[in-house]
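Student: Got a structure for you, written out below as structure tokens; questions coming shortly.
Where a number appears in this text, it was derived from the coordinates with a stated rule and is not lab data. Keep in mind that what you see is a predicted model, and the values were worked out from it rather than measured. Positions of Cβ are backbone-derived with ideal geometry, glycine not excepted, and every protein chain shown enters the neighbour counts.
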């Protein structure tokens, strides 16, 4: 059951924004998302929060500067998703700009798992670094850090994931979510944390006189990478993150992007001058993530760190091929899941735990997300991991903090979860094969306790009707140029229409001609699964986005339906 709701739009805030020069349509949308003053829309780099407020960042800068001054070797241990890849690329590029000797490794997710585990620590130690730097991982790596410490190797943890009860005994930890960190934005992605550490390092080197007779490195040149990782990791786009993303998109639109970003945009058929957060999250991000899911994320990092356009394009083509393979695997898994779900009644359940021996662990996160979207239940999808183990990736719904729910399961069933971690909306875990049924029961119990019946009904929040004059190409372009994402959702409108005609395209996409007040609109709902010849009634109430459809060189406004019901 999906309920269409309309966000509260405070009239005073809307008026204040309009008086400050904000376009009336954007003023209404921003007010509904909590913006109360034009000052909150200042996206200049100078409006970024200061690095000085981030716990551990000054000590990290000192450690890095000392390591550079001594000519010692650094090694970055990256994560195998887009956030980890972009964060690693930012670290490599920035540190090399500032004179460091630095290399990187990415753990093989299929054999070594996530983070700075003891096995990854062993792999890192074989490279004989003096300092190991983690990016987008490490906050739970108690044993891995201890192993490096015994070998005399220093560690700098840069992460954004929620910490467990015990922190690793690293030389320095920089994580806005660690205890006693007063950094106002807890929503930084891993790449954002790394970017802040690099800002602090440049300031430290400036204090030491490193740039008295030389130009400072331009770290703003890295913001296209920061924007990509931030959007792709689906962290909340609070004001600070919106500034990072806005600045990164401005560089991309202005043609000031790295060769790898340009190549990925080209292979995805996207124009840099019109790049938007949608392109970062749904065109570039999946192509990079596919490398970590099915192959080796080193390929993605190489794409982001090369300055050779031809090499970047060659790698982007490889990433595109891997992503097409990922889609084929995912489609097969989704069919399996559909058959499995047909035997379940989610109305009697507060959660879903799914497993199939043939599923690929590289794409179970995508599968969990698809099932969660369809059935609106916290969902974990499991696949075989190391011998005797199962690995799961989970996605949650509003009302359930997934990482905290796993923590509760771990406390109630000691020893059941071998490893776990994550965020409010997404998490992962590893357990022994024989523990699957016990986990399913324990997780279901926790979800029943933490979720109310209302939480289990999907509410689609909208911005209400769109004024007639804004069904225009100019209005659509205006909205598309803004930064939308997690916690700051793209506009979705709701209104009633008369259905003039409808037909199914490729047996799954519903194409409609709608009418309201004399205006006619082309509309489509993708992946519409109702097989009826005329699935829409004569009058509907629809939640929709407005988009631009281009056909034979002609651009028209098109409604993308998210959901509809009888009016």
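Student: How big is segment 407-461 along each principal axis, measuring the range of its Cα positions in Å and listing the largest first?
Tutor: 39, 20, 18
Student: Where does segment 22-113 land on Rg(C-alpha)/(2.2 N^0.38 Å)?
Tutor: Normalised Cα radius of gyration, segment 22-113: 1.59.
Student: Another question, then. In nm, to one decimal, how far is the modelled label at residue 212 from the one at residue 103, with both set 7 Å along Cα→Cβ?
Tutor: Between residue 212 and residue 103, the label points sit 3.5 nm apart.
Student: Taking the 0 to 90 degree range and rounding to the nearest ten, how far is the long axis of helix 309-342 tilted relative to the main principal axis of the chain, both from C-alpha atoms?
Tutor: 60 degrees
Student: Okay, moving on. Exposure proxy check: 446, 193, 77, 142 ranked by fewest other beta carbons within 10 Å?
Tutor: 142, 446, 193, 77
Student: Could you work out Rg/(2.2 N^0.38 Å) for segment 344-456, with Rg from alpha carbons only?
Tutor: 0.96
Student: Same structure again: With the convex hull built on the Cα atoms of segment 460-566, state its orientation-averaged projected area in nm².
Tutor: Its average projected convex-hull area is 7.4 nm².
Student: Quick check: from the Cα gyration tensor, does segment 427-500 come out rounded (a/c under 1.5), prolate or oblate?
Tutor: prolate
Student: Could you list, bin by bin from short to long, the percent of Cα-Cα pairs of segment 181-246 in 5 Å steps?
Tutor: Here the calculated profile for segment 181-246 is 3, 17, 25, 20, 15, 11, 7, 2, 0.
Student: Take the alpha-carbon centre of segment 273-303, take the same for segment 386-434, and report the distance between them in whole Å.
Tutor: Value for the Cα centre distance between the two parts: 26 Å.
Student: Can you pull the one-decimal nm distance between simple spin-label points at residue 271 and residue 6, each 7 Å off the Cα toward Cβ?
Tutor: That separation, rounded to one decimal, is 3.5 nm.
Student: Regarding segment 47-92, what's the average projected area of the Cα-atom convex hull, expressed in nm²?
Tutor: Value for segment 47-92: 4.3 nm².
Student: For segment 124-267, just say rounded, prolate or oblate: build the C-alpha gyration tensor, square-root its eigenvalues into a ≥ b ≥ c, call rounded for a/c under 1.5, and beyond that prolate if a/b exceeds b/c, oblate if not.
Tutor: It is prolate, given that a/c is not under 1.5 and a/b is the larger ratio.
Student: Same structure, new question: May I ask for the angle, rounded to the nearest 10°, between helix 57-69 and the longest principal axis of the chain, with both axes built from Cα atoms and the value confined to 0 to 90°?
Tutor: Here the helix axis deviates by roughly 50 degrees.
Student: A further question follows. How large is the helix-only mean residue ellipticity at 222 nm for the chain, computed as the sum of -39500 (n - 2.57) over DSSP H runs with n ≥ 4, divided by its residue count, in deg cm²/dmol to the nearest 500?
Tutor: When only DSSP H runs of four or more count, the value is -12000 deg cm²/dmol.
Student: Using only the alpha-carbon atoms, how far is helix 190-207 inclined from the longest principal axis of the chain? Give it as 0 to 90 degrees, nearest 10.
Tutor: Long axis of 190-207 versus the principal axis of the chain: about 40 degrees.
Student: Right, next: Return, ordered by residue number, the residues of segment 136-150 whose backbone nitrogen is under 15 Å from a label point located 7 Å along Cα→Cβ of residue 169.
Tutor: Of the residues in segment 136-150, 141-150 have backbone N under 15 Å from the label point off residue 169.
Student: Continuing with the same structure: Which FRET efficiency value, to the nearest 0.05, do you get for residue 419 and residue 459 by plugging their Cβ-Cβ distance into 1/(1 + (r/R0)^6) with R0 = 30 Å?
Tutor: The value I calculate is 0.35.
Student: Viscosity 1.567 mPa s, temperature 4 °C: Stokes-Einstein D of segment 60-174 from its Kirkwood Cα radius, in µm² per second?
Tutor: It comes out at roughly 94 µm²/s.
Student: Once you sort the root eigenvalues of the Cα gyration tensor of segment 46-319 as a ≥ b ≥ c, which label holds: rounded (a/c under 1.5), prolate (a/b larger than b/c) or oblate (the other case)?
Tutor: The shape class here is rounded.
Student: Related question: Fewest to most neighbouring Cβ within 10 Å: what's the order for 296, 136?
Tutor: 296, 136
Student: Which value in nm describes the separation of the simple spin-label points at residue 307 and residue 23, placed 7 Å from the Cα toward the beta carbon?
Tutor: 3.7 nm
Student: Convex hull volume of the Cα atoms in the chain, per residue, in Å³?
Tutor: It is 164 Å³ per residue.
Student: Something else: Among DSSP beta bridges whose residues both lie in the chain, state the antiparallel percentage, nearest 5.
Tutor: Approximately 65 percent, going by the DSSP bridge assignments.
Student: Note the full-extension length gain between residue 69 and residue 432 as 0.36 nm times their separation in residues minus their Cα-Cα distance, in nm to one decimal.
Tutor: This chain segment gains 126.0 nm when fully extended.
Student: For a footprinting-style exposure proxy, rank 303, 82, 181 by other Cβ within 10 Å, fewest first.
Tutor: Arranged by neighbour count, lowest to highest, 303, 82, 181 become 181, 303, 82.
Student: Which FRET efficiency value, to the nearest 0.05, is calculated for residue 256 and residue 119 with the Förster distance at 56 angstrom and r the Cβ-Cβ distance?
Tutor: Efficiency, from the Cβ-Cβ distance: 0.90.
Student: Grab the Cα-Cα distance for residue 498 and residue 126, subtract it from 0.36 nm times how many residues apart they are, and report the gain in nm with one decimal.
Tutor: Contour length minus Cα-Cα distance gives 127.1 nm.
Student: If I take R0 = 45 Å and measure r between the Cβ atoms of residue 481 and residue 345 in this structure, what FRET efficiency does the formula 1/(1 + (r/R0)^6) give, to the nearest 0.05?
Tutor: The value I calculate is 0.55.
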